[in-house]
């Protein structure tokens, strides 16, 4: 129990559990005990929709209990280690080692060392080969499993794709074999073989990997003929019938997104060449208006939240977005519940959507041009019409909006100084346009990220810009923006981007690098106050590996570490799109 140390830590409410709508199932009487872990703080993890969905799916199974683990903050971890205590679940205060299965949500490459930290704090051997039937099976899921190879040494298997239906098959199979496995009659490898026969399950220990002299992948093959050579990503066919968490857990402490998150679609009809979310959630599927409205009404009734955020990769591409917004307004206007939307397309705002969502609360608007110049947007294949955008923006200012957020990227193919100038020129025009509505210039927050060439995208073969080039471009933009007081620039940490770039296109050899970095103190690498680039550089040196190898251009005819995963978008399509990128001048 933590009670004796809670008063010694910041935000003790993140460790006590018992939130409204959290599961109250009996641990001892449940046949299958499933731990779900998020490798970051509670305030981040409880903002993750995927975690809420899987938590609800599992606890809806009568004989399964699912309980949550999050990374403890530094002050709590120090106290736990001081007294040689283990991390405990929020619901029943059970040790991680008391569970049958431990599933990790893998949302960011910068969380990899936190995965190891949770395992260590739970008394679990880090390498899968060191864990027998007395330990839980360690499972990975989430966006990072589109290339799970850097983590191959630590996980027993990965769930590739959407897990709502897949996780039911996992628990069914485990239920069938638990008694003989836990008694030692069924060998762990035999059990893993049975899991490998489920579509969407990848068991890394069943594959042989070899490398050519330069470190390029030479061969990836199953050890047995009965092991699938490729893993087909799982996806939910009908979102209207899919489980959605109505027992929305109400946190005791403020979390990053403290509101109702209402998913209205998955996938994306657009084909931006840099975007990994499209293959991750391919194909494009929508929830129909009645489903959305019923969910919204029920979630509000069970929580009382005063904000509902519509979620999806490009919500303004939902074919019924205006109808949904109008009906949500009718439902919630009298209750003063505000609606917020992620990044929007300008054409969706023309014709009244902006005035609709401004009726209750004039939240800021977010747009993602991604590049300042039309030339680079063509290379990105970004569907962004400047004329429509400024027309929509003018209407939004007239409706009362004051603040705009814009997302851009740097480090793009064929990028020149004039393309960087275009980011500032575009943002200034956005700010000044508000004067046409008889008001002062708008405040514009500009978020600038570095392009990371991601697996399963047409950009997966591109060279990522090195650290010096990234820093030079960031400084160039800072200087250009200095005389424009209404523009506020923020940049993603350039060294963090490098690490993300390395591990997103990494291979199996990087498991050792992750372990070395963790052993030297790396954790919470997604937090700038914890991130230490020098620690990672030292880990690569100790393993005899070169970061630059993973950032360099990839050859079209060379196998890639993640080629064995079938996202539903074939490689010929990716190659064709890549070649179009090279051809654009």
| request: Evaluate E = 1/(1 + (r/R0)^6) for residue 449 and residue 82, where r is the Cβ-Cβ distance and R0 equals 35 Å; express this FRET efficiency to the nearest 0.05. | output: 0.35
| message | Given all pairs of different Cα atoms, what value in angstroms does the Kirkwood hydrodynamic radius of segment 6-232 take? | response | 18.3 Å
| request: Quote the convex hull volume per residue of segment 209-253, based on C-alpha atoms, as a whole number of Å³. | output: 224 Å³
| query | Simple spin-label model, 7 Å along Cα-to-Cβ: residue 579 to residue 425 in nm? | reply | 3.3 nm
| remark: Expected sort for 409, 250 with the fewest Cβ neighbours (10 Å cutoff) up front is 250, 409
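Taking R0 as 51 Å, what FRET efficiency do you get between residue 254 and residue 190 from their Cβ-Cβ distance, rounded to the nearest 0.05?
Taking R0 as 51 Å, the efficiency between residue 254 and residue 190 is 0.65.
Gain in length, residue 323 to residue 246, computed as 0.36 nm per residue apart minus the alpha-carbon separation, to one decimal in nm?
That pair, residue 323 and residue 246, stretches by 25.5 nm at full extension.
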| task | Kindly provide log₁₀ I(q)/I(0) values, in the same order as q = 0.12, 0.21 Å⁻¹, from the Debye equation applied to equal alpha-carbon scatterers of segment 449-585. | result | -0.60, -1.26
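Got a sec? How would 558, 309 order by Cβ neighbour count within 10 Å, fewest to most?
558, 309
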| note | Mean projected area, convex hull of alpha-carbon positions in segment 246-310, reported to one decimal in nm², is 5.6 nm²
| message | So if each residue of separation counts as 0.36 nm, and I subtract the Cα-Cα distance between residue 224 and residue 490, what length gain in nm does that give? | response | 90.8 nm
| Label 7 Å along Cα→Cβ of residue 60; segment 25-50 residues with amide nitrogen under 15 Å? | 50
| request: Return the FRET efficiency for the residue pair residue 533, residue 11: r is the Cβ-Cβ distance, R0 is 35 Å, and the value is rounded to the nearest 0.05. | output: 0.80
| Estimated distance in nm for a label pair at residue 463 and residue 216, the labels positioned 7 Å out from Cα along Cα-to-Cβ | 1.5 nm
| task | Multiply the residue gap between residue 383 and residue 542 by 0.36 nm, knock off their C-alpha separation, and tell me the result in nm, one decimal place. | result | 52.8 nm
| When a footprinting reagent is the concern and you count Cβ atoms within 10 Å, what order do 214, 434 take, fewest first? | 214, 434
| task | Just the ratio, please: alpha-carbon radius of gyration of the chain over 2.2 N^0.38 Å, N its number of residues. | result | 0.98
| said: Just to be sure I follow: if Rg is taken over the C-alpha atoms of segment 352-509 and Rh is the Kirkwood radius over the same atoms, what is Rg/Rh? | reply: 1.01
| remark: For residue 330, placing the label point 7 angstrom along Cα-to-beta-carbon and taking segment 269-303, residues whose amide nitrogen sits under 16 Å are 289-297
| message | Suppose each label sits 7 Å from its Cα in the direction of the beta carbon; what would the residue 176-residue 21 distance come out to in nanometres? | response | 3.5 nm
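Every number in this text was worked out from the coordinates using simple rules, so none of it is lab data. If you're wondering where the values come from, they're calculated on a predicted model, not measured in any experiment. Quick reminder, even Gly has a Cβ in these numbers, built from the backbone with ideal geometry, and neighbours come from all protein chains shown.
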